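Colleague: Okay, handing you the structure first.
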Amino acid sequence: MAIDKKFIDLFVNVTSKAALASYYTVGKKNKIDSDKAATDSMRSELNKIEMNGKIVIGEGELDEAPMLYIGELVGTKKGPDFDIAVDPLEGTNFAANNLPGALSVIAVSEKNKLFNAPETYMDKIAVGKNISSDVIDLDFSTKKNIENLAQFKNKEPNKLTACILERPRHKKIIDELKELKVNLKLINDGDVSGALLVSDDKYGVDIFLGIGGGPEGVLAASALDSFGCKFQGRFLFKNNNDILRAKKMGIEDLNKKYALKEIVSGDSIFCATGITSGDLVKGISLNENNYISETLVTHKASNLKKIIKKENILTP
């Protein structure tokens, strides 16, 4: 069953209010306060919606997150059952230091249709729509993925742009991309938004790759699914605790590559509201009595993929 379209505006309101709450902390050099402001607001707004919501990806497990923890029930407890993935503040450093690209993000699916990702790293690769599924693969070398993509797009590698987190762990991949003369878009944080740059040609990114957060991979996958993009993810486990947690979540094959349809298997709504302006959306702007928000929204069932700009009344 599809998620009723009436919920689109309700979830846009959730991320818009969370973005506004976090916006007041922008540039204050306190990422904990920034995250808490967004989380408190998001939880409060979710609890006003007529639904039985369950947080499947959140701020952490109960012992480390007092709000929006994994397993927390939200909503009025009346209405449809939803699984909910949240990242109230994606890009905590961006907000704390008043840098571009901080977002408030939520993905909502029908019950049991959104992958319950463990709090661990994920190796990811994503490309845009209309790319054959055999072009990219996590098991291919960087060179093979780039050459395949270049051939499919009928471009030279030096006409492709790859987005990747600028981290020491990616030095080898970045060196290989440089050797292939691929254009680089290096990001410091925010790999939900990084992955989403493959969703539209206007962003000028052909491929997203590298290791980032597993939960962020699931959030990005929800939006990429609506755009018809290709995505593959594989969890990486640092220690036995990670492995035990994954097995408790029902993950048996620790080396499995997950395609989009295995991460988001039904209808979904995705919302990402800008806190500070970035590649995807503009940040919050304040007038005397109003605030303006921009939200990238997708709803798979209605084929909705758009940026919604809203002027909202500031409540005291």
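Please treat every number below as a calculation from the coordinates, not as lab data. Just so you know, these numbers come straight off a predicted model, no measurement behind them. All Cβ positions, glycine included, derive from the backbone under ideal geometry; neighbour counts span all protein chains shown.
Colleague: Can you give the net charge of the other residues whose Cβ lies under 13 Å from the Cβ of ILE284, counting K and R as +1 and D and E as -1?
Modeller: Numbers: positive: LYS17, LYS282, LYS309, LYS310; negative: GLU294, GLU311.
Net local charge, ILE284 excluded: +2.
Colleague: Still on this model: What's the angle, to the nearest 10 degrees (0 to 90), between helix 214-227's Cα axis and the longest principal axis of the chain?
Modeller: Rounded to the nearest ten degrees, it is 90.
Colleague: GLY213's amide H: which non-local residues (gap 5+, or another chain) put their own amide H closer than 5 Å, with H modeled 1.01 Å from N in plane and none for Pro or chain starts?
Modeller: Residues meeting the criterion, in which the H sits 1.01 Å from N, are MET122.
Colleague: Another question, then. What is the distance in Å between the Cα centroid of the stretch 153-176 and that of the stretch 239-267?
Modeller: 27 Å
Colleague: Can you give the local net charge around TYR258? Use residues other than it whose beta-carbon is closer than 11 angstrom to its beta-carbon, Lys and Arg +1, Asp and Glu -1. Before the final figure, lay out each step's value.
Modeller: On the way: positive: LYS124, ARG234, LYS256, LYS257, LYS261; negative: ASP123, ASP253, GLU262.
Once positives and negatives cancel, what remains is +2.
Colleague: Have a look at ASP83, ASP123, ASP134 and tell me which one the Gaussian network model of the chain (Cα, springs below 10 Å) gives the largest fluctuation.
Modeller: ASP134
Colleague: Same structure, new question: Using a Gaussian network model of the chain with C-alpha springs under 10 Å, which one of PRO118, PRO157, PRO215 is most mobile by mean-square fluctuation?
Modeller: Of the options given, PRO157 has the highest mean-square fluctuation.
Colleague: By a straight-distance test (C-alpha under 18 Å), which aspartates and glutamates pair with LYS111 as possible cross-link partners, with residues fewer than eight away in the same chain excluded?
Modeller: Cross-link targets: ASP4, GLU50, GLU72, ASP81, ASP83, ASP225, GLU262, ASP267.
Colleague: Kindly write out, for the stretch 260-269 in residue order, the coupling ³J(HN,Hα) from the Karplus curve 6.51 cos²θ - 1.76 cosθ + 1.60 (θ = phi - 60°), rounded to whole Hz, with x marking Gly and Pro.
Modeller: Along the stretch 260-269, the couplings run 3, 5, 8, 8, 10, 9, x, 6, 8, 10 Hz.
Colleague: Any chance you could give the angle, 0 to 90 degrees and rounded to 10, that helix 6-23 forms with the longest Cα principal axis of the chain?
Modeller: That works out to roughly 90 degrees.
Colleague: Which of MET122, MET67 has the fewest other C-beta atoms within 10 Å, and how do the rest follow up to the most? All intermediate terms of the calculation are to be shown ahead of the outcome.
Modeller: Numbers: MET122 24, MET67 16.
So the residues, fewest neighbours to most, are MET67, MET122.
Colleague: Expressed as an acute angle from 0 to 90° and rounded to the nearest 10, what is the orientation of the C-alpha long axis of helix 142-153 relative to the principal long axis of the chain?
Modeller: 90 degrees
Colleague: Once phi is turned into θ = phi - 60°, what whole-Hz ³J(HN,Hα) does the Karplus curve with 6.51, -1.76 and 1.60 give for every residue of the stretch 233-249, x standing for Gly and Pro?
Modeller: x, 9, 6, 10, 10, 7, 8, 5, 4, 4, 5, 4, 4, 5, 5, 5, 7
Colleague: May I ask which of LYS5/LYS261; LYS36/LYS310; LYS143/LYS282; LYS78/LYS113 have a Cα-Cα span longer than 28 Å here?
Modeller: Working: LYS5/LYS261 21 Å; LYS36/LYS310 24 Å; LYS143/LYS282 35 Å; LYS78/LYS113 19 Å.
LYS143/LYS282, as the Cα separations exceed 28 Å there.
Colleague: Counting only C-alpha contacts under 8 Å and six or more residues apart, can you give the relative contact order of the chain as a whole percent?
Modeller: Working: 742 pairs, mean separation 63.2, N = 316.
It rounds to 20 percent for the chain.
Colleague: Within 10 Å of each residue's Cβ, count the other Cβ atoms and sort SER268, SER22, SER141 from fewest upward.
Modeller: Working: SER268 27, SER22 31, SER141 11.
So the ranking, lowest neighbour count to highest, is SER141, SER268, SER22.
Colleague: Using a simple spin-label model with points 7 Å from Cα along the Cα→Cβ vector, what separation in nm is obtained for LEU236 and GLU179?
Modeller: 1.9 nm
Colleague: Something else: Taking θ as phi - 60°, what are the ³J(HN,Hα) couplings along the stretch 45-54 by the Karplus curve (6.51, -1.76, 1.60), each to the nearest whole Hz, with x for Gly and Pro?
Modeller: 6, 4, 6, 8, 8, 6, 6, 9, x, 10
Colleague: Normalised by the residues of the stretch 121-263, what does the relative contact order come to in percent, with Cα pairs under 8 Å and at least six apart?
Modeller: 34 percent
Colleague: Give me the one-decimal nm value for the distance between modelled label points at ASP201 and LEU73, 7 Å along each residue's Cα-to-Cβ direction.
Modeller: The two pseudo-label positions are separated by 4.9 nm.
Colleague: Now for a different question. Any aspartates and glutamates with Cα under 17 Å of the LYS153 Cα? List them, leaving off those in the same chain fewer than 8 positions away.
Modeller: Within the straight-line cut-off, LYS153 pairs with ASP134, ASP137, ASP200, ASP201, ASP206.
Colleague: Right, something else. How large is the helix-only mean residue ellipticity at 222 nm for the chain, computed as the sum of -39500 (n - 2.57) over DSSP H runs with n ≥ 4, divided by its residue count, in deg cm²/dmol to the nearest 500? Spell out each step's value before the answer.
Modeller: Details: 9 runs with 93 residues, N = 316.
The helix contribution divided over the chain gives -8500 deg cm²/dmol.
Colleague: Right, something else. May I ask what percent, to the nearest 5, of DSSP beta bridges between residues of the stretch 121-263 are antiparallel? Present the calculation step by step, with values, prior to reporting the outcome.
Modeller: Values: 16 of 23 bridges.
Antiparallel: roughly 70 percent of the beta bridges in the stretch 121-263.
Colleague: Here is a follow-up. Within the stretch 181-225, whose backbone N sits under 20 Å from a point 7 Å along Cα→Cβ of LYS129?
Modeller: Correct set: 193-208, 219-225.
Colleague: Cβ under 9 Å from ASN112's Cβ, ASN112 left aside: what net charge do those residues give with Lys, Arg +1 and Asp, Glu -1?
Modeller: Neighbour charge sum, excluding ASN112 itself: -1.
Colleague: Among TYR69, TYR24, which comes first, then next, by fewest other beta-carbon atoms within 10 Å? Write down the numbers at each step before the final one.
Modeller: On the way: TYR69 15, TYR24 12.
Neighbour counts put them in this order, fewest first: TYR24, TYR69.
Colleague: With a/c under 1.5 counting as rounded, go ahead and sort the chain into rounded, prolate or oblate using the C-alpha gyration tensor (a ≥ b ≥ c being the square roots of the eigenvalues; past the cut-off, prolate if a/b is larger than b/c, else oblate). Each step should come with its number before you reach the end.
Modeller: Details: a/c = 1.57, a/b = 1.34, b/c = 1.17.
Judged from the Cα gyration tensor, the chain comes out prolate (a/c at least 1.5, a/b above b/c).
Colleague: Just how far, in whole angstrom, is the stretch 193-227 from the stretch 63-123 if you go by their alpha carbon centroids?
Modeller: Using only Cα atoms, the two centres lie 16 Å from each other.
Colleague: Separate question: Give the calculated FRET efficiency between LYS257 and LYS306 to the nearest 0.05, with a Förster radius of 45 Å applied to their Cβ-Cβ distance. Walk me through the numbers on the way to the answer.
Modeller: Details: r = 31 Å, r/R0 = 0.68.
Efficiency computed from Cβ-Cβ geometry: 0.90.
Colleague: So, one more: Taking a ≥ b ≥ c as the square roots of the Cα gyration tensor eigenvalues, with a/c under 1.5 meaning rounded and otherwise prolate when a/b beats b/c, else oblate, which class fits the stretch 170-290? Walk me through the numbers before you get to the answer.
Modeller: Numbers: a/c = 1.79, a/b = 1.27, b/c = 1.41.
The shape class here is oblate.
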